[in-house]
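Chemist: Input: one structure, supplied below.
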Amino acid sequence: MGRIIDQVRGMSLAEKRELAETLREAIAEELAAGAGEPDRCPRCGCPAFVRKGRDAAGRQRWLCRGCGRTFGAGTLGLLARSKLPAAAWMEFAACMADALPLRETAARVGVSLYTAWFMRMRACEVMGRRLLPARGDAFEMDGTYFPESMPGNHSRGWFDLGRPAHRTGHDAARAGLGGSVCVLCGVSETGDCFCELADGAEDGPGVALVALRRLPASCSVATDGRRSYAGSLGGRPHEVRPSRELEMVNSLHSRLKAFIGRFNGVSNRRLQRYLDWFCWREQFRRSARDRRELLFAHEASGIYVCTRELTHLESHPFLSLANRVGVGERYGYMSLMV
């Protein structure tokens, strides 16, 4: 090792840069090849499968007991379905981990702005799949609101704004249609959290579905006493406090708004992806592993269902929470929207 370091010191600056780029590519390929055995079929989501031979490159194949089709570690994989090299995705993971703007990310990775945007959508879906169930015995739960945002050219689509379109930077007093969308948030004493886009308000059905999916069955819940929480927590012990005393969830709201504010307005139909991104950062911020390397490892072993076409067909405004959960159940990704 000492001889190698001495040789590197004797290189010119251009040679050192070329060596660094070669090492970065080698590290990316090594990390990408380290994906382990999947936990479910990437096509139907069935957890029952058996080994069935190997492909031409010697990689293991499995047979799904649910759909009867074979699959490998790269089936529907993020890196396997991309034409970009692993080194580009590793650089992109570093930009995502630091929440860099999209234009700066595109320049660093060496791709177009549109490609960088779609890479972000795929990475957010992978991060949503990686979120672990919230743990803890005591949770604080409350909703926060974001301005309604429905950007884009709707003149040729099916979606009707219900008013003349505003020119960019003019006419509108605030972004969107003047309404708000609700995000239900919860956090435990251990720091585990969740953020779920509700159906426009903190209503009983939305609260009940989020509580069923996100809260442990034996935990207690503290809220601000809103009527929709009273019969929607599934029999969990319920404590009512003034809003100012819900310090943990208020702090979570503050961090969430600061994170979303970096992007200068997120469309409602993309908001859940950014919420998953925020929750991933919150969940893995205490990890002993570098978050850039961790995110790339998740990309290398992750899969995505929303193709480029399906991403553009995401409903506008968003699907109901019940529909999103129903679709996500099939693919092991609760926040999936198609």
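Chemist: Residue-wise, which Karplus ³J(HN,Hα) couplings in Hz belong to the range 263-274, taking 6.51 cos²θ - 1.76 cosθ + 1.60, θ = phi - 60°, and x for glycine or proline?
Modeler: Each residue's phi maps through the Karplus curve to give 9, 6, x, 10, 4, 4, 6, 9, 4, 4, 5, 6 Hz.
Chemist: May I ask you to list the residues of the range 41-57 whose amide nitrogen lies under 13 Å from a point 7 Å from Cα along the Cα→beta-carbon direction of residue 70?
Modeler: 50-57
Chemist: Starting from a Cα-only point model with no solvent, please compute log10 I(q)/I(0) by Debye for the range 208-278 at q = 0.12, 0.16, 0.21, 0.22 1/Å.
Modeler: -0.43, -0.74, -1.03, -1.06
Chemist: On to the next question. Run the quick spin-label model on residue 56 and residue 22: label points 7 Å from Cα toward the beta carbon, then report their separation in nm to one decimal.
Modeler: Taking the simple label geometry, residue 56 and residue 22 are separated by 3.0 nm.
Chemist: Taking the C-alpha atoms of the range 41-143, how large are the radius of gyration and the largest Cα-Cα span, Dmax, in Å?
Modeler: Spelled out, the Cα radius of gyration and Dmax of the range 41-143 are 18.0, 53 Å.
Chemist: Could you check the simple spin-label distance between residue 190 and residue 46, using points 7 Å along Cα→Cβ, in nm with one decimal?
Modeler: 3.3 nm
Chemist: Using only the Cα atoms of the range 251-319, build the gyration tensor, take square roots of its eigenvalues as a ≥ b ≥ c, and label the shape rounded, prolate or oblate: rounded if a/c is under 1.5, else prolate if a/b is larger than b/c, else oblate. Walk me through the intermediate numbers first.
Modeler: On the way: a/c = 2.77, a/b = 1.20, b/c = 2.30.
Oblate.
Chemist: What is the magnitude of the charge dipole of the range 48-143 about its Cα centre, with +1 placed on the Cβ of each Lys and Arg, -1 on the Cβ of each Asp and Glu, and no other charges, expressed in debye to the nearest 20?
Modeler: Numbers: 16 positive and 8 negative charges, 180 e Å.
I would put it at about 860 debye.
Chemist: So, one more: Rounded, prolate or oblate: pick one for the range 270-310, where a ≥ b ≥ c are the square roots of the eigenvalues of its C-alpha gyration tensor, a/c under 1.5 means rounded, and failing that, prolate if a/b is larger than b/c, else oblate.
Modeler: oblate
Chemist: Apply the Karplus parameterisation 6.51 cos²θ - 1.76 cosθ + 1.60, with θ equal to phi minus 60°, to every residue of the range 241-255 and state each ³J(HN,Hα) to the nearest whole Hz, in sequence, with x for glycine and proline.
Modeler: Each residue's phi maps through the Karplus curve to give 10, x, 4, 5, 8, 8, 5, 5, 6, 5, 5, 4, 4, 5, 5 Hz.
Chemist: Follow-up. Kindly write out, for the range 299-305 in residue order, the coupling ³J(HN,Hα) from the Karplus curve 6.51 cos²θ - 1.76 cosθ + 1.60 (θ = phi - 60°), rounded to whole Hz, with x marking Gly and Pro.
Modeler: My calculation for the range 299-305 gives 5, 5, 9, x, 10, 9, 9 Hz in order.
Chemist: List the residues, sorted by chain then number, that are 5 or more residues from residue 304 or on another chain and whose placed amide H is less than 5 Å from its amide H.
Modeler: It is 78, by chain and number.
Since every read-out is calculated from the coordinates, none of them should be taken as a lab result. Just so we're clear, the structure is a prediction, and the values are computed from it rather than from any experiment. Every residue, glycine among them, receives a Cβ derived from its backbone with ideal geometry; neighbour counts consider all protein chains shown.
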